[in-house]
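Right, one structure below, let's go through it.
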Amino acid sequence: MADKKSDVVTSAGSAVSRPDRLQNPGFEPEHKRVHDESPERARGAERGISLLFALSGILSAAAFTLNFIFPIVPGDLLSTRYNNMFVGLAIAAGLLCLGVGAVHWAKALMHGHELVEERHTTRGDDATRARAVEIFQEANKESGWTRRRLLRNSLIGALVAMPIPAIALLRDLAPAGTLEEKLVHTMWEKGVRLTRDPNGVPIKASDVTIGSAFHVIPENIIGLEEGFLNEKAKSAVLLMRLPLDALNEAEDRKGWSYDGIVAYSKICTHVGCPVALYEQQTHHLLCPCHQSQFDVANHCAVIFGPAARPLPQLPIAVDAEGYLVAQSDFLEPVGPSYWERIR
Amino acid sequence: MSVATQKKSTAPTSTGAGMRFVGGVSNYIDERTSISGAVKFLGRKIFPDHWSFMLGEIALYSFIVILLSGTFLTFFYDPSMVEVHYDGSYVPLKGIHMSAAYSSTLNLTFDIRGGLLMRQVHHWAALLFVAAIGLHMLRVFFTGAFRKPREINWVIGFVLFILAMAEGFTGYSLPDDLLSGNGLRIIDGMIKAMPGIGTWISYLLFGGEFPGNDVIPRLYVLHIMLLPALVIALIAIHMVLLIINKHTQFAGPGRTNDNVVGSPILPVFAAKAGGFFFLVFGIIMLIASLFTINPIWNYGPYDPSPVSAGTQPDWYIGFADGMLRLMPSGWEFVVDGYTWSLNLLVPIVVLMLFIVIVMVYPFIEAWVTGDKREHHIAERPRNQPTRTAIGAAGVTFYAVLWAGAASDLIATHFRTTIEGVILTLQILLIVAPVAAFWMAKKIALALQRKDRELVLHGYESSRIVRLPGGEYREIHTPLDEFEQWKLVSFDEYAPAQLRPNARGKITIGARMRSSVSRFYFEDRIAPVVTKELESQKH
Amino acid sequence: MSRTVNRKGRRHPLSSLVLILVGLFVSGGAYAAVTGTASAADAPVSASQIEDGKKLFASNCASCHGLSAQGSAAGPSLIGAGALSVEFQVGSGRMPMSGSGPQAEKKPVQFTQPEIDAMAAWVASLAPGPAVPEASSLAGGDPSNGAELFRVNCAMCHNVAGAGGALTEGKWAPSLRNIDPVHVYAAMVTGPQNMPVFSDMNITPAEKNDIIAYLKFLDENPSVGGMDLGALGPVSEGLFVWIFALGGLVAITIWLSAKSN
């Protein structure tokens, strides 16, 4: 062992070496366990451990039987709860008995002395390393890897080019077109009624009392076969009515609300959670995911949290029958920001 | 029967039919596989005994439990986003539209024998798996067990940690319930924030717009095929390297850098490790039978409009969620028509930086010490005060982010405001790691001083005697040489000297190394040496 | 197509009729929508009860709400608040408020039911407002429809399992477990404090019953998986796994690697 190490010189870096450091005193005297000294105690431990193993077997059988004592009755949730609990407990107890038994056997009865194994440096010994180098050199000579540079470089080039087709293959993970062109449109358009989520009942302006919050989806989304959730993820809206004196509206957006009723996208401009926690006295909206807060009284300006942009407002009006309708689509993309958002 | 077994059977010892059978089978296998070589090589390999060396085993065993329970779940789970009507046992969801994925998860929960149990075993084991990896990494970090020759195994373990989180997140998404759907929504928002490529990655991942009809089957393939294959392969390499490098051991009498002291694999270690597998399995099973985890039936099917208060990811993603929550308002700007969402990019970059530092730490420390020797003695954290302090700072940073993910629950439980909690955590994110660094270093140095005291003067015996001169003094009982050795045998480093290289120049690299080295090793306590001990005896 | 059919199918068959009828009544003005729940089932109110209520109000509530419930800087006007608001606020112990805080919280109730009824009668006599419904009229809802409505309208504040959640500036949405159905109903109709109002045009009386039925289902059915750790989601699960699962296993590793005596 010593000679193997001598051929490797490794730097100790900035380690301090102290010639007068204390010396390793060698192994402590072996301590005896009660089970080594008293055969009676050892027999006792043996009996205990085999009892644990036997118990484990019985518990496994019990877990099997408990499935029939506590069967799952369709429609009865309590039966599922009991099945889960009792079968699980029996299996768990069986596993724990087995584990405790095995560990106790190892600790109390198996040979208790510590053994010593030599360590060697991880690197191969010099002869092995020399032979490995030799093999590489032979292979190089026989193949001409370094000599035939054109051959080698063209091979590397070909290998690098190999994955290029995958880029095209992966393109069809998504349908034709781009995401940007889909993100700028929602189902809202001029005259589409605001309806209640999830049942699609249209909403009259007079239904929206002060302090109310309606969760709204566009009327034309109801019955949509393809992409219902995709569209809902963009067009979910929160409808609220504020006292007129509480609402501060910008001059150019005065026509977007109706008698204190305002509609804002429910999809957070941060990462897209539904911002739906409306406080009717403070007029604050809170996102439960990352705590961004928006002030409904001030065009949903961000007042706290990681969001950067106000929630987009849906311009609304009332149709001839008194129902709330959209004046148009949102005038900006809803939801989280993306690279080409305002292109 | 072979000659060998026949010979054995003639021996007077109690070799019954059972032994003959075992011998026969072993012979049969060995003649076809030469397995005796493996038994000879591995059978008596030594594993040192210390409780902290079993943390990786917890991770390994919970992974086996995950594989077993996960296989059961695949028999009943349907990874499809096709819309169906639920008509199972859970009354509050009867007649509701949902994806086949969610509906099949509900069915296996309520109507399949052992389905709920296996789901809860799977999820609890997954949480435990990542937690055990984390704790195992902390043990390896704080004992310096990542040093040569184990740097590569540290990196492999680190990749396993990342893969475990990926496994966890993909699995968490599969039921397609409201909670996990909002989790995916957040991931989508983060992906979209990436400059240039984000929109495309989101488009391809979801097969169109969010949420689309493709993401669940795609995550399923990752969750049950690609990621587990990688995890199993890397665990295999991790274990092979463990056998090649042999396990580290703590300093102790008779233990050196050139030996390993402990129990042999056969029989003691195998019995302990095998028994421990059943204990880990048993604890997971016990918890799964008594405690609900992820009650997906409460959340309902994914729908982009509703959301639940207290929407959080599983714990191991919490630090990322917390980072998002701790960003101040308004960090987004537009340059030339392109949107830079710094409120998401900054967290992504900071988290990446954090985990990359974790990954490359062994190489940083090796560069600072310049020590090229192999190290097989696990260090006590106090004996490397700066590393311990860096670790404490990292843990604190992570913990603050983690608390950030629970800001709303902290606010309701401690009757305070969300805004106050977040502001406090924002300040703590900067201040607490520095404070933790400083405190951990002070504590480590103090403990080292205490060790010196003990070696030099022994324990206080609480016996007071009066000396002939009238002076009172407490008698100290000296340590025996074995106890002393545990306290004095550690590696000690001095700040690297700034020296010109062969060409007589001082490079920038050398300057940097010297100043980092000073930062590491300026404050240090030397171990007691023979002379000091002898002078103390008189 | 299936979506349309089934969404309709889940609604109470009479709900459209009810909607039209209520709509007719309400068209007179938005204000009436709030009071639309006043029902003929109101218990007869005697003059002496109103007189008792006035006295109780004067001695317990008037310091903030004013002697004639006209309101002050310390408390809002209660004219038009109706009996239902009084039943909710006083019957859940929120009123009288103890000290100042971000919001009034649930406390032990400080009055007997006849006293609460008396105060409710007096407040109701000031101006029309929502009345207290018969408890029996709040039964028989469909928990499945209720659960869906709950997720859309309530879960973002109160959590899907009704465990409650945080609001801004120290306010919170309380837990909805084991709440008297009358109070659940009252909260939806009156919109106490920062809770939005859910008028009968937003959530119909039948739908309100569905929501109450879902909450009742949650109260009556313990979590199938075992103890629910507060139904708080992944945070409590994560803490549990670190403290108990990993903590327990670390204790086992210490036993496992300790030397046998």
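Restricting the search to the stretch A:219-253, which residues are open to solvent by 20 Å² or more (accessible area, probe 1.4 Å), within 12 Å of chain B (Cβ to nearest Cβ) and touching a Leu at 6+ places or on another chain (Cβ under 9 Å)?
Scanning the stretch A:219-253 gives a single hit, A:231.
Condition test on residue B:367, is it within 14 Å of chain A (Cβ to nearest Cβ) and either surrounded by fewer than 21 Cβ atoms within 10 Å (Cβ to Cβ) or not polar (S, T, N, Q) (or both)?
Working: within 14 Å of chain A (Cβ to nearest Cβ): yes; either surrounded by fewer than 21 Cβ atoms within 10 Å (Cβ to Cβ) or not polar (S, T, N, Q) (or both): yes.
Against the criterion (within 14 Å of chain A (Cβ to nearest Cβ) and either surrounded by fewer than 21 Cβ atoms within 10 Å (Cβ to Cβ) or not polar (S, T, N, Q) (or both)), residue B:367 qualifies.
So, residue B:267, is that one farther than 23 Å from residue C:250 by Cβ and in a helix (DSSP H, G or I) or not?
Values: farther than 23 Å from residue C:250 by Cβ: yes; in a helix (DSSP H, G or I): yes.
Considered against the rule, which asks whether it is farther than 23 Å from residue C:250 by Cβ and in a helix (DSSP H, G or I), residue B:267 comes out as yes.
Which of the residues belonging to the stretch B:210-224 are out of contact with any Ser or Thr (no Cβ under 9 Å at 6 or more places or on another chain) and either crowded, with 20+ Cβ neighbours inside 10 Å or away from chain A (no Cβ under 13 Å) (or both)?
Within the stretch B:210-224, B:211, B:212 qualify.
Being open to solvent by 30 Å² or more (accessible area, probe 1.4 Å), in a strand (DSSP E or B) and basic (Lys, Arg) is the requirement here; does residue B:463 meet it?
Numbers: open to solvent by 30 Å² or more (accessible area, probe 1.4 Å): yes; in a strand (DSSP E or B): yes; basic (Lys, Arg): yes.
In short, yes.
Can you work out which of the residues in the stretch B:242-263 that are facing chain A (nearest Cβ under 7 Å) and under 22 Å from the mean Cα position of the chain (by Cα) is surrounded by the most Cβ atoms within 10 Å (Cβ to Cβ)?
B:246
Return a yes/no flag: does the stretch C:164-171 have any residue that is over 30 Å from residue B:90 (Cα atoms) and either more than 9 Å from chain B (Cβ to nearest Cβ) or not in a helix (DSSP H, G or I) (or both).
Taking the stretch C:164-171 first, the residues over 30 Å from residue B:90 (Cα atoms) are C:167-171.
Those still in the list that are either more than 9 Å from chain B (Cβ to nearest Cβ) or not in a helix (DSSP H, G or I) (or both) too: C:167, C:171.
There is at least one residue in the stretch C:164-171 that is over 30 Å from residue B:90 (Cα atoms) and either more than 9 Å from chain B (Cβ to nearest Cβ) or not in a helix (DSSP H, G or I) (or both).
Of all residues in the stretch C:149-163 being without any contact (Cβ under 8 Å) to a residue 24 or more places away in the chain and open to solvent by 10 Å² or more (accessible area, probe 1.4 Å), which is farthest from the other protein chains (Cβ to nearest Cβ)? Write out each step before concluding.
Of all residues in the stretch C:149-163, those without any contact (Cβ under 8 Å) to a residue 24 or more places away in the chain come to C:151-152, C:155-156, C:158, C:160.
Now narrow it down to the ones that are open to solvent by 10 Å² or more (accessible area, probe 1.4 Å): C:151, C:158.
Working: C:151: 4, C:158: 6 Å.
Per the stated criteria, the residue is C:158.
Before we move on, is residue C:261 facing another protein chain (nearest Cβ under 7 Å) and under 27 Å from residue B:93 (Cβ atoms)?
Numbers: facing another protein chain (nearest Cβ under 7 Å): yes; under 27 Å from residue B:93 (Cβ atoms): no.
Taking the combined requirement at face value, the residue does not satisfy it.
Residues to consider are B:158, B:169, B:146, B:141; find the one that is more than 13 Å from chain A (Cβ to nearest Cβ), modelled with pLDDT of 95 or more and assigned to a loop (DSSP other than H, G, I, E, B). Don't jump to the end; show me each part of the working.
Details: B:158 fails: assigned to a loop (DSSP other than H, G, I, E, B); B:169 fails: assigned to a loop (DSSP other than H, G, I, E, B); B:141 fails: assigned to a loop (DSSP other than H, G, I, E, B).
None of the other options fit; the residue is B:146.
Looking at this structure, is residue A:89 closer than 30 Å to residue C:225 by Cα, in a helix (DSSP H, G or I) and open to solvent by 50 Å² or more (accessible area, probe 1.4 Å)?
On the way: closer than 30 Å to residue C:225 by Cα: yes; in a helix (DSSP H, G or I): yes; open to solvent by 50 Å² or more (accessible area, probe 1.4 Å): yes.
For residue A:89, the condition - closer than 30 Å to residue C:225 by Cα, in a helix (DSSP H, G or I) and open to solvent by 50 Å² or more (accessible area, probe 1.4 Å) - is met.
Tally time: how many residues in the stretch B:131-167 are open to solvent by 10 Å² or more (accessible area, probe 1.4 Å), of a type in the set (Gly, Ala, Ser) and closer than 30 Å to residue C:155 by Cβ?
Residues that pass the stated criteria total 1.
Within the group B:181, B:207, B:189, which residue is farther than 26 Å from residue B:60 by Cα, assigned to a loop (DSSP other than H, G, I, E, B) and within 12 Å of chain A (Cβ to nearest Cβ)? Even if it seems obvious, please write down each step before you answer.
Values: B:181 fails: assigned to a loop (DSSP other than H, G, I, E, B); B:189 fails: assigned to a loop (DSSP other than H, G, I, E, B).
Every option except B:207 fails the conditions.
Can you find a residue that is open to solvent by 50 Å² or more (accessible area, probe 1.4 Å) and at the interface with chain B (Cβ under 8 Å from one of its Cβ atoms) anywhere in the stretch A:31-51?
Just the residues of the stretch A:31-51 that are open to solvent by 50 Å² or more (accessible area, probe 1.4 Å), to begin with: A:31-32, A:36-37, A:39-41, A:43, A:46-47, A:50-51.
Adding the requirement that they be at the interface with chain B (Cβ under 8 Å from one of its Cβ atoms) leaves none.
The answer is no, given that none of the residues of the stretch A:31-51 is open to solvent by 50 Å² or more (accessible area, probe 1.4 Å) and at the interface with chain B (Cβ under 8 Å from one of its Cβ atoms).
The values are calculated or read from the model by the stated rules, or taken from the named source; none is laboratory data. Please read all numbers here as calculations on a predicted model, not as lab measurements. Positions of Cβ are generated from backbone atoms using ideal geometry, with glycine treated the same way; all protein chains shown enter the neighbour counts. In case anyone asks, the SASA skips ligands and DNA or RNA and just uses the protein heavy atoms, side chains included. Shrake-Rupley method; radii C 1.70, N 1.55, O 1.52, S 1.80 Å.
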